[in-house]
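What follows is a single structure, written as structure tokens, with notes after it.
Computed from the coordinates by the stated procedures, all read-outs in this text should not be read as laboratory data. All values reported here derive from a predicted model rather than from experimental measurement. Please note: Cβ atoms are built from the backbone with ideal geometry, for glycine as well, and neighbour counts cover all protein chains shown.
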Amino acid sequence: MKQYYQFMLRGIISDSQGLQTKANIDEFEEDLHEMLEVYFGYMRSWIEMLQQLPQASHSLKNLLEEEWNFTKVITPYIRGGEAQSGKLFCDIAGMLLRSTGDFLDTGLQKSCDEFWESADGSTALDEIRRSVIETSRSLKELFHEARERASKALGFAKMLRKDLEIAADFILTSGVPCILQALKHRNYVKVHIPGLDELQVFVPCGLMEQRLTILQLLNAAAGKECSKEPDEIPEDEAYLLMSKHGAGDVPAEASWALWDGTVVKLVPQMETADTLKAMKVENMLLIVMQSGHLVAQRKAFQQSMGELLTLRREQTSSQPLIAKALEQLKNEALNLCNKINSAIDRVEYMFTSEFEAEVEESESVTLQQYYREAMIQGYNFAFEYHKEVVRLMSGEFRQRIGERYIAFARKWMNYVLTKCESGRGTRPRWATQGFDFLQAIEPVFISALPEDDFLSLQALMNECIGHVIGKPHSPVTGLYLAPRNSPRPVKVPRCHSDPPNPSLFIPNTEGASVHENDRLSSVAAELHFRSLSRHSSPTEDREEPSYPKADPTAATRRSWELRNFICQSKDTDACQNPMEIVHRAIRSFEEKRYAALRQRNVIGQVCSTPKSYDNIMHVGLRKVTFKWQRGNKIGEGQYGKVYTCINVDTGELMAMKEIRFQPNDHKTIKETADELKIFEGIKHPNLVRYFGVELHREEMYIFMEYCDEGTLEEVSRLGLQEHVIRLYCKQITTAINVLHEHGIVHRDIKGANIFLTSSGLIKLGDFGCSVKLKNNAHTMPGEVNSTLGTAAYMAPEVITRAKGEGHGRAADIWSLGCVLIEMVTGKRPWHEYEHNFQIMYKVGMGHKPPIPEKLSTEGKDFLAHCLESEPKCRPTASVLLDHPFVKVCTDEE
């Protein structure tokens, strides 16, 4: 519109001078500026309104990014619009962080008030237990929502910093003449802009012929977005230097006039020239197009200029108004750190002060578990926030966040030592994020500590690690966090034949056996810990073996250790020919192993059914191709044990199901293979993903996706809110629909077989009872004739097998309704009956589970459709997806 306005004026006013003097373009600029302020006012009110919603984090996804991208397009054509928009969005990001802190304070105060009210007014143990459980649940939900809000706000703040902080601020310590002489000596070129004599701009000589690049740098200095730097320009040359003196400052003008080097004349766009004219530059700015190149270019320039310049701000905005707003934003981020720490302190005080005196010691142990769950959720939120907020900071703010980072690390370690039980030789799952947080400590944070603080932190960390891995009376010394730039220590596999980790030293303290120290060494090495150090070496003097530096791989290290051990042996034959001794030892070991296997009749037999054996060993399943390492056991069921597992190649955490069987047990292998074939070929966000299988003679390892937030049965014990139930129902129905479209009946849908992830997704798993249908075209009552599943969730036709027809996909819909009841009430259907025969009798006689009264009208209608007694009249999963009860938007949408 502005360009069209100028075009129309040119058609009316002939001379260009009249266009500048008589045309009322300033009033038009003022109108545009007022329009921009109105737009910003509405947007700010809109954001504040969204922040009042209970699930505000779901409403802000990509919303601010879209508005910011739109604003970057329109503000370059409005005088002063770039600085105004940058300041406004920085203020909005700060407001989001501030409102997150207020949300945390308000929710925590509400939970505390309800807790103290129930604790003071009740004496019955059941009421106290229920109060603790409900408070723990509300606190976990509070921390989860606060984490989502903070994550969204912090992500937007980091995006603003990336777009706006494209300059470094230098102070001229040696005077203008010395700077001009140094720039001329290094072949810099001065850029002269007509009408802006007080603006001093210099560029490297490599840009002298690249006028378009210089114009883009000027646009970047004015606040316009530069999409990409030209490929032909070296990365260390695409920058400009800018300084500016006052219009009436005669001495400064005379000093800058001493330049006698090369001068290039350029005329930027009118909007850019207006912005540069209004800009205030106190010292000298180094400006780039993209913030990602600022660090390298700043360091190179600073090194070339030596002591002529002093760095004032290592990363800032080229416009003072935005720079000040960014500083305020960083202060808000630091304030939220304090509020998170305060919230954790209040939760700890709430559960450990007067309340402990009112509960018996035996019951207190049980209730403390709920308290720890809430505390762990709060600490995990704080871990994530502290690690992310470090990436937002620079300069003095980075030093301040470093102090808070160290203080919070101490806080968590003291909590572990005083409130958590000692480990049992393996790393507990709750400590994973805490150790990751400790490992992420920046070396610069450690270097800034006084000597006493450093030593106390080292002692506290050693004591904490020893406590977590199970040795509270003999602290682990000599462990340190590897600096960020140093190589990570080699991870020790769980194999007794592996040599000890040379980067880990644990003294044999009094009362500790050698076996115990070996166990601690292995566990601590798995945590990737080394001795805490300011530099890349341990603080205490100790003798360590020197390994070959040419090839630092684990194989070379172990080979060198073996050769070194043999060379130091008293056996002269080994010293002369070490590999012969190795081969001899291997042959002896293999002979003993084969003898033991023959004695157990595992090997040495001639298979009488080679055809069947071939079918078993070539079941056609997807084989894993990655290296893996088993972790802790997380569950055990009818079909085997489940462990955590790490993909050594990628570091991905998985679940590994171990199924053991007798050698040549063809039936078990075939049944398991049938279950796995159901997995193959199906990939959906709401279904547990299947990675592959390893088949051995006596066991089979099945590798699946790991869902770290437990099962739906666990989180539904006290009932869920309806908006959460709607989201979960939609995802479960979607998963059932995917299975049915592939001709698969799950047959065991229940809360214990539905898993949750940290991203909020629901995943349907455990396909042990599933069956692949021969006819995928229609859902018929007689598709399946066997009776499998859990009685409380069984459909009537599964129990009665009416007229011998069996059941079909409609049985899963009945189970979906039962899961809905479980989410609403916190209990499985027919929970009042103890035996499965009682439940089967009730369902077989045509009775239905009662519909909860607190469900909405839409929820009752949805449940009534699921619990339709006649399977032929029961709607399909695809039809249920169109029901208003599940017409909600998930995070992915």
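Step through the residues of region 402-411 one at a time and calculate ³J(HN,Hα) from phi using the Karplus curve (6.51 cos²θ - 1.76 cosθ + 1.60, θ = phi - 60°), rounding each to whole Hz and writing x for Gly and Pro.
x, 5, 5, 4, 5, 4, 6, 4, 4, 4
So how many Lys-Lys pairs in region 166-316 land under 26 Å Cα to Cα, not counting same-chain pairs under 8 apart?
27
Would you work out if region 166-316 is rounded, prolate or oblate? Take a ≥ b ≥ c from the square roots of the eigenvalues of the alpha-carbon gyration tensor; rounded if a/c is under 1.5, else prolate when a/b is larger than b/c, oblate otherwise.
In terms of gyration-tensor shape, rounded.
For a quick check: with amide H placed at 1.01 Å from N, whose amide H comes under 5 Å from residue 654's, ignoring anything fewer than 5 positions away on the same chain?
Distant-sequence amide H within range of residue 654: 645, 646, 647.
Which pairs in the list 683/860; 730/872; 339/419 are over 25 Å apart, alpha-carbon to alpha-carbon?
683/860
With θ taken as phi - 60° and the coefficients 6.51, -1.76 and 1.60, list the Karplus ³J(HN,Hα) couplings across region 301-308 in order, rounded to whole Hz; mark glycine and proline as x.
Using θ = phi - 60°, the values come out as 5, 5, 5, 6, 8, x, 8, 6 Hz.
When a footprinting reagent is the concern and you count Cβ atoms within 10 Å, what order do 171, 754, 851, 406 take, fewest first?
Arranged by neighbour count, lowest to highest, 171, 754, 851, 406 become 171, 851, 406, 754.
Is there a pair in 140/162; 763/827; 633/854 whose C-alpha atoms are over 29 Å apart, and which pairs would that be?
Long pairs (Cα-Cα over 29 Å): 140/162; 633/854.
Can you compute the equivalent ellipsoid semi-axes for region 811-893, i.e. the square root of 5 times each eigenvalue of the Cα gyration tensor, sorted largest first and rounded to whole Å?
24, 15, 11
Assuming R0 = 51 Å, what is the FRET efficiency of residue 117 and residue 70, from their Cβ-Cβ distance, to the nearest 0.05?
With a Förster radius of 51 Å, E is 0.60.
Under 5 Å between amide hydrogens, which residues at least 5 positions from residue 634 or on another chain qualify, with H placed 1.01 Å from N in the peptide plane?
Close amide H contacts, sequence-distant or interchain: 642, 643, 644.
Can you list residues from other chains, or at least 5 along the same chain, whose modelled amide H is less than 5 Å from the amide H of residue 628?
The list, which skips near neighbours in sequence, is 648.
Which distance in nm do the two modelled labels at residue 26 and residue 857 give, with both placed 7 Å along the Cα-to-Cβ direction?
My value for the distance between the label points is 6.3 nm.
What distance in nm separates the two pseudo spin-label positions at residue 625 and residue 304, each 7 Å out from Cα along the beta-carbon direction?
According to this spin-label approximation, the distance is 4.8 nm.
So what are the ³J(HN,Hα) numbers for region 67-84, from phi and the Karplus equation (6.51, -1.76, 1.60; θ = phi - 60°), rounded to whole Hz, Gly and Pro as x?
Values, residue by residue: 5, 5, 5, 5, 5, 5, 7, 8, 5, x, 9, 10, 4, x, x, 5, 5, 5 Hz.
So how do 284, 208, 579 line up by other beta-carbon neighbours within 10 Å, fewest first?
579, 208, 284
When you count, for each residue, the other Cβ atoms within 10 Å and take the mean per peptide, how do 210-221, 187-198 rank with the highest first?
The packing order, highest mean first, is 210-221, 187-198.
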